[in-house]
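Here's the structure, in structure tokens; my notes come after.
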Amino acid sequence: MTEIESKHGIVSRQPYEMYMTFTDLENFKRMLPEDKQGEITATYDTIQATVQGFSIGVKVHQRVPYSRIELVDYGAPLAFHIVIHFEPAAQDAYKTDFWINVEADLNLMMKMMLSGKIKEALDKVVDSIVDASNGKMPEGFDPSQWAK
């Protein structure tokens with residue numbers, strides 16, 4: 001298994017707030033621009049999408065209240081395990097140290113081609129969440145969709 005860890009980001013929300021946002025996978029769909037939502041199917045425990053012709057899905061494997069959520073592949077072309085971490089920040093218990101770990105069953109060729117891109121994408125997710133917690137919304141994000 002190939003292990004990839006994102007950078008850590010300090011989010012201006014408490015761990016329980018982050019956990020409650022991420023615990024319902026339907027929230028991921030709501031965060032997307034409306035024109036992209038039709039391509040995704042989500043429930044509380046699963047989310048599936050078709051990306052470049054491949055069906056990729058994840059399902060919740062384990063929820064550890066207020067500290068982490070573990071996801072595993074669900075109808076994906078390769079095996080993977082994702083852990084989303086929410087820990088109190090060392091300098092401020094009202095903020096969250098947030099990061100993501102991925103373990104994926106990548107052969108050598110896929111590892112060479114994809115591991116850097118996966119790390120880059122994970123870092124971008126962390127940066128976007130940190131920015132959003134500080135009031136900077138990603139381009140194309142419609143906050144009215146979140147209120148549904």
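Reported count of residues in the stretch 16-45, each being β-branched (Val, Ile, Thr) and over 18 Å from Ile100 (Cα atoms), is 3.
Figure legend. Inter-residue proximity from the stretch 112-130: first residues in contact (Cβ under 8 Å) with a residue 60 or more places away in the chain, second residues among the aromatic types (Phe, Trp, Tyr) and surrounded by 16 or more Cβ atoms within 10 Å (Cβ to Cβ), beta-carbon distance below 9 Å, spacing 6+ or different chains. Indicated pairs: Leu122/Trp99; Val126/Phe98; Val126/Trp99; Ile129/Phe98; Val130/Phe98.
Residues checked against (1) over 21 Å from Val51 (Cα atoms); (2) at pLDDT 90 or above:
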residue	(1), (2)
Tyr94	yes, yes
Trp99	yes, yes
Met110	no, no
Leu114	no, no
Ala121	no, yes
Asp131	yes, yes
Gly140	no, no
Ser144	yes, no
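Among the residues of the stretch 101-136, just one is part of a loop (DSSP other than H, G, I, E, B), surrounded by 12 or more Cβ atoms within 10 Å (Cβ to Cβ) and not charged (D, E, K, R), namely Leu106. Of all residues in the stretch 59-91, those that are more than 18 Å from Phe28 (Cβ to Cβ) and not in a strand (DSSP E or B) total 8.
Just the residues that are among the aromatic types (Phe, Trp, Tyr) and under 30 Å from Lys95 (Cβ atoms), please, taken from the stretch 30-68.
In the first step, residues of the stretch 30-68 are kept if they are among the aromatic types (Phe, Trp, Tyr); the result is 44, 54, 66.
Selection gives Tyr44, Tyr66.
For Phe98, are the conditions met, namely being crowded, with 18+ Cβ neighbours inside 10 Å and either free of Cβ contacts under 8 Å to residues at least 40 places away in the same chain or in contact with a Ser or Thr (Cβ under 8 Å, 6 or more places away or on another chain) (or both)? So Phe98 fails the test. Please enumerate the residues belonging to the stretch 28-58 that are out of contact with any helix residue (DSSP H, G or I) (no Cβ under 6 Å at 6 or more places or on another chain), surrounded by fewer than 17 Cβ atoms within 10 Å (Cβ to Cβ) and not in a loop (DSSP other than H, G, I, E, B). Selection gives Phe28, Glu34, Asp35, Lys36, Thr41, Thr46, Thr50, Val51, Phe54, Ser55. The requirement of being in a strand (DSSP E or B), more than 23 Å from Glu103 (Cβ to Cβ), of a type in the set (A, V, I, L, M) and touching a helix residue (DSSP H, G or I) at 6+ places or on another chain (Cβ under 7 Å) is not satisfied by Ile4.
For His61, the criteria (1) surrounded by 17 or more Cβ atoms within 10 Å (Cβ to Cβ); (2) within 26 Å of Tyr16 (Cα to Cα) hold in every case but one, which is (1). Within the stretch 71-91, restricting attention to residues that are aliphatic (A, V, I, L, M) and under 19 Å from Val60 (Cβ atoms), the residue that is surrounded by the most Cβ atoms within 10 Å (Cβ to Cβ) is Leu71.
The values are calculated or read from the model by the stated rules, or taken from the named source; none is laboratory data. Computed from a predicted structure; not experimentally measured. Virtual Cβ from ideal backbone geometry, glycine too; neighbours counted across all protein chains shown.
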